[in-house]
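The values are calculated or read from the model by the stated rules, or taken from the named source; none is laboratory data. Computed from a predicted model, the values in this text were never measured in an experiment. For neighbour counting, all protein chains shown are included, and Cβ atoms are generated from backbone atoms with ideal geometry for every residue, glycine included. Note: accessible area is taken over every heavy atom of the protein model, side chains too, but ligands, DNA and RNA are not part of it. Shrake-Rupley method; radii C 1.70, N 1.55, O 1.52, S 1.80 Å.
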Amino acid sequence: METLSQHACFGGVQGFYSHASSEIGLPMRFSVYAPPQAKAGAVPALIYLAGLTCTDETFMIKAGAQRLAAELGLMLIAPDVSPRNTGIEGADKDWDLGHGAGFYLDASQAPWAKHFRMESWLMKELLPLVQTNFRVAPDRIGLFGHSMGGHGALTLALRHPGVFKSVSAFAPICAPMQCPWGIKAFTHYLGTDNTQWEDHDASELMRRAKTPFPGGLLVDQGLSDKFLAEQLKPELLEAACAEAGQPLTLRRHGGYDHGYYFIQSFMADHLRWHQAQLTCA
């Protein structure tokens, strides 16, 4: 692991790091905010998955989460959202496919399959890496994200039961099989057989589950979000949770859009919600 930079922040350390990923086959970046409590021992950790076009820096710079994380004793971890510099033709052509748009899955189709292995990187490499190099309590890890990252948080938590103790999302892509972003990404990464897509669709995965998160799910959605009707479809997740008996707090906020002003506005609620679940017996 290579330390790219470290900065004192609210009594803790904001760091940016890189490592050579065997799953991706390329260097991958991630950021960690270690709160002051980590100097004394292991602390709960909260992994944030960012959305389309973002990087490992986006959350740490824009979300305004470190001040409260320092008070609550939460470590914050933000991975990059895709491989970079893959050499794949067309990977920089569209903002919603390729570099900056990994969708937190393992691609099975050429040319993407060689490097676009985000799920394996996160679950098999990054989690063990941060547990080895930072003071993380391994049984107290939460997961949340925004937009494409909200999709990632929901699907990875459902696909890996027992790993994450708490889950939430800001404006997640709730049913990628039924929206243009998801259809485009799944077609390129997974192929045209949409039965393979069901394993990466939060609403479809939820329908198969039976109360996977007894502590509940928290989802915030802005009603002035220009992507709400066409791309996000929270009502489909809401219906799937009802079918699965999954407690869901879906909060709809008038006047809020899709960006980080929205995320900043409700970040404290999410951090406190996760902290309560991660520190309970």
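Report in % the part of the accessible area of the range 20-78 that belongs to carbon and sulfur, leaving out ligands and nucleic acids; probe 1.4 Å.
About 54 percent, which is the carbon plus sulfur part of the accessible surface.
For the range 1-59, what is the Kirkwood hydrodynamic radius in Å, using each pair of distinct C-alpha atoms?
12.9
Going through the range 1-105, which trypsin sites (Lys or Arg not before Pro) have at most 15 other Cβ atoms within 10 Å and a DSSP loop state?
LYS93
Can you compute 3J(HN,Hα) from phi for each residue in the range 23-28, using the Karplus curve 6.51 cos²θ - 1.76 cosθ + 1.60 with θ = phi - 60°, rounded to whole Hz and x for Gly and Pro?
Result, ordered by residue: 5, 7, x, 8, x, 10 Hz.
Distance between Cα centroids, the range 24-76 to the range 212-281: provide it in whole Å.
Distance between centres, Cα-based: 19 Å.
Looking at this model, which pairs from LYS39/LYS233; LYS114/LYS226; LYS62/LYS93; LYS62/LYS210; LYS39/LYS114; LYS39/LYS124 are more than 30 angstrom apart at the alpha-carbon?
LYS39/LYS233; LYS114/LYS226; LYS62/LYS210; LYS39/LYS114
Under the classification rounded if a/c is under 1.5, otherwise prolate if a/b is larger than b/c and oblate if not, where does the range 167-256 fall, given a ≥ b ≥ c as square roots of the Cα gyration tensor eigenvalues?
Note, shape of the range 167-256 comes out oblate.
Given N residues in the range 112-189, what is its alpha carbon radius of gyration divided by 2.2 N^0.38 Å?
Normalised by 2.2 N^0.38 Å, the Cα Rg of the range 112-189 equals 1.19.
For the chain, set up a GNM with springs between Cα atoms under 10 Å and report which of TRP197, TRP121, TRP95 has the largest fluctuation.
The residue with the greatest mean-square fluctuation here is TRP95.
Starting from the Kirkwood Rh over alpha-carbon pairs, what translational D in µm² s⁻¹ does the range 1-140 have by Stokes-Einstein at 4 °C and 1.567 mPa s?
Answer, rounded: 84 µm²/s.
If you filter the range 45-136 for GluC sites (Glu not before Pro), then keep DSSP loop positions with at most 11 other Cβ within 10 Å, what is left?
Answer by residue number: GLU89.
When ligands, DNA and RNA are left out and all protein chains stay put, how many square angstrom of accessible area per residue does the range 192-281 have with a 1.4 Å probe?
48
Take every DSSP beta bridge with both residues inside the chain and express the antiparallel ones as a percent of the total, to the nearest 5.
So the antiparallel bridges in the chain amount to around 50 percent.
For the range 1-149, what does the relative contact order come out to in percent, with C-alpha contacts under 8 Å and a separation of six or more?
Value for the range 1-149: 27 percent.
Considering only LEU46, LEU68, LEU271, give the residue with the highest GNM mean-square fluctuation for the chain, with springs between Cα atoms whenever their separation is below 10 Å.
Maximum fluctuation in the GNM of the chain, among the listed residues, is at LEU68.
Using just the Cα positions, wrap the chain in a convex hull and report its mean projected area in square nanometres, one decimal place.
Across all orientations, the chain yields a mean hull projection of 13.3 nm².
Can you give me the pair-distance distribution of the range 38-111, C-alpha pairs, 10 Å bins, whole percents?
It works out to 18, 39, 24, 15, 4, in whole percents.
Under 5 Å between amide hydrogens, which residues at least 5 positions from ALA137 or on another chain qualify, with H placed 1.01 Å from N in the peptide plane?
VAL43, ALA45
What full-extension length gain, to one decimal in nm, is calculated for GLU198 and ASP139 as 0.36 nm per residue of separation minus the Cα-Cα distance?
My answer for the length gained is 18.4 nm.
Over the chain, with a Gaussian network built from C-alpha contacts below 10 Å, which listed residue (ALA101, ALA40, ALA65) shows the highest mean-square fluctuation?
ALA40
Using the Kirkwood formula on the Cα atoms of the range 69-151, what hydrodynamic radius do you get, in angstrom to one decimal?
Answer for the range 69-151: a Kirkwood hydrodynamic radius of 14.3 Å.
Counting alpha carbon pairs within less than 8 Å and at least 6 residues apart, what relative contact order, in whole percent, applies to the range 88-182?
With pairs under 8 Å counted, the relative contact order is 21 percent.
Put a dot 7 Å past each Cα toward the Cβ at ARG251 and LYS184; how far apart are the dots in nm?
So the two model labels end up 3.1 nm from each other.
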